[in-house]
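A.B. asks: Let me give you the structure first, and then I'll get to my questions.
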Amino acid sequence: MKRRDFLINSSLFAASSLTAFGTHTWVARSASSQDRPKRLIIIFLRGAVDGLSVVVPYSDPEYYQVRSSIAIPKPGTEGGALNLDGQFGLHPALESIMPLWEQKNLAFVHASGSPDNTRSHFDAQYYMETGIPGVKRATDGWMNRLLRVLSVKSPIQAVNVGRTTPRILSGKMPVATLTPGKNAFKGLPVDRPKVSAAFDKLYNGDDILGQTYRQGKMARQALMQGYEKEMQMANNGAPLPYGFPRDASRLANLIVRDSRIELAFMGVGGWDTHINQGGSKGQLANKLSKLGQGLKVLVDNLGSVYQDTTIMVMSEFGRTVLENGNAGTDHGHGNAMWLLGGNVNGGKVYGEWSGLSKDQLHEGRDLAINTDFRDVLTGVLQGHMQLDDEKLNQILPDYKPKAKITILG
């Protein structure tokens, strides 16, 4: 039995708590042993969010001609977009993060994404998570490769908030998984002293299974201790907000308390709006509101750590420029990437904007991609993680950036 299958099938740590994958040894260290580590958090919006509703090109007349029922009105009108720069506006449901824009540590890269033409959610997510568009033979994700070029310090150096390890974090390096939701820290049978002692005795050897078992147990204990401290500090035991804001708050508090966590990933689903997408209000607006609240909670709870953190929000592709017959949008191409952080040169919409006239659209229907997502990623890895060209090539093999994106100072 392979070590990954062992952990998944045993249900000791997987599915409802924390899992550490990998055979690499590690040395635990105190939170004070590294001064101000750089953190990178990836928020992946699964289902293809409509970037034209997130960052609204309200100055482009074509936008209102092709979206009769779902267009976001211009700033200054009822339900209007929040003005960003005189050309673009922010969906009004995202008003909670507007202060970050005004503080100039929130930026967007419009007309960006993966150059592959697929309209398959599965394939598009696969390509963006492996960082190698169009190649299906890749077995590891670019965040796992990023771990490979960093010094391995602990099994919670990279944390995934989700029920399974996503492609972006899959690979040889150890990754911890924190289950989302209110039962994330619910006790397991293995937490009982007698059960724990039995498994400790069973897997006390130096073979792969024994090493992996101990890594998983130690990683779980580390996060459980962090959560217990969080609960003790809570105001009269008040519950955390529902959904994404709650999970974002939990992740931020864990990062603040343990400097060993340097990379984190959160997937947020529900963005495939084929039917009744809505405009300023409705289905999409409700989801964006929760997303914005969660990002604000994440930033607030990170506190001073936010100054050394970059948060990137991305999705597999955008949606069609023209709304469909069901007051929704279908699978598209170009989208908008978001970047937040203390080192972000924000208050700007980056990227080349070629407009929404039919002769500028991809295949005559979609926002064209003028900025490869890997150019944005390269800028983050260089400007924030301080990686050189040799290490970048290990993360994004044989990729040469087409545009220099200097979003980070």
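A.B. asks: Quick check on my filter: what residues within segment 318-337 are buried (at least 24 other Cβ atoms within 10 Å of the Cβ), not charged (D, E, K, R) and not in a loop (DSSP other than H, G, I, E, B)?
C.D. replies: Matches in segment 318-337: 335, 336, 337.
A.B. asks: Could I ask something else about it? Return the residues of segment 66-86 that are in contact with a Leu (Cβ under 7 Å, 6 or more places away or on another chain) and either without any contact (Cβ under 8 Å) to a residue 12 or more places away in the chain or β-branched (Val, Ile, Thr) (or both); say none if nothing qualifies.
C.D. replies: If the condition is that a residue be in contact with a Leu (Cβ under 7 Å, 6 or more places away or on another chain) and either without any contact (Cβ under 8 Å) to a residue 12 or more places away in the chain or β-branched (Val, Ile, Thr) (or both), then 66 is the only one that fits.
A.B. asks: Only one of (1) crowded, with 20+ Cβ neighbours inside 10 Å; (2) closer than 18 Å to residue 160 by Cα fails for residue 284. Which number is that?
C.D. replies: It fails just one condition, (2).
A.B. asks: Given the criteria under 27 Å from residue 114 (Cα atoms) and basic (Lys, Arg), does residue 290 qualify?
C.D. replies: Considered against the rule, which asks whether it is under 27 Å from residue 114 (Cα atoms) and basic (Lys, Arg), residue 290 comes out as yes.
A.B. asks: May I ask you to say which residue of 347, 332 is in contact with a Gly (Cβ under 9 Å, 6 or more places away or on another chain) and within 24 Å of residue 407 (Cβ to Cβ)?
C.D. replies: 332
A.B. asks: Within the set of pairs 6 or more residues apart or between chains, which connect a residue that is closer than 16 Å to residue 361 by Cα inside segment 54-65 to a residue that is hydroxyl-bearing (Ser, Thr, Tyr) and surrounded by 18 or more Cβ atoms within 10 Å (Cβ to Cβ) with Cβ atoms less than 6 Å apart?
C.D. replies: 57/63
A.B. asks: Now for a different question. Within segment 388-409, how many residues are at pLDDT below 95 and surrounded by 19 or more Cβ atoms within 10 Å (Cβ to Cβ)?
C.D. replies: Counting residues in segment 388-409 that are at pLDDT below 95 and surrounded by 19 or more Cβ atoms within 10 Å (Cβ to Cβ) gives 3.
A.B. asks: If you go through segment 81-112 one residue at a time, how many are closer than 18 Å to residue 286 by Cβ and part of a loop (DSSP other than H, G, I, E, B)?
C.D. replies: Total meeting the criteria: 2.
A.B. asks: Across segment 93-119, what is the total count of residues that are within 15 Å of residue 407 (Cα to Cα) and among the small types (Gly, Ala, Ser)?
C.D. replies: 2
A.B. asks: Looking for whichever is β-branched (Val, Ile, Thr) and modelled with pLDDT under 95 here; the options are 118, 19, 77. Which one fits?
C.D. replies: The conditions single out 19.
A.B. asks: Sticking with this one: Please list, ordered by first then second residue, the pairs with beta carbon atoms under 6 Å, 6 or more apart or interchain, first in segment 297-323 and within 30 Å of residue 61 (Cβ to Cβ) and touching a residue at least 40 places away in the same chain (Cβ under 8 Å), second part of a strand (DSSP E or B) and among the β-branched types (Val, Ile, Thr).
C.D. replies: Here the result reads 313/43, each pair linking segment 297-323 to a residue that is part of a strand (DSSP E or B) and among the β-branched types (Val, Ile, Thr).
A.B. asks: When the residues of segment 287-317 are filtered to those that are among the hydroxyl-bearing types (Ser, Thr, Tyr) and farther than 19 Å from residue 373 by Cβ, which remaining residue is surrounded by the most Cβ atoms within 10 Å (Cβ to Cβ)?
C.D. replies: 309
The values are calculated or read from the model by the stated rules, or taken from the named source; none is laboratory data. Quick caveat, the model's predicted, so the values are computed rather than measured. Here Cβ is always computed from backbone atoms with ideal geometry, including for glycine, and neighbour counts include all displayed protein chains.
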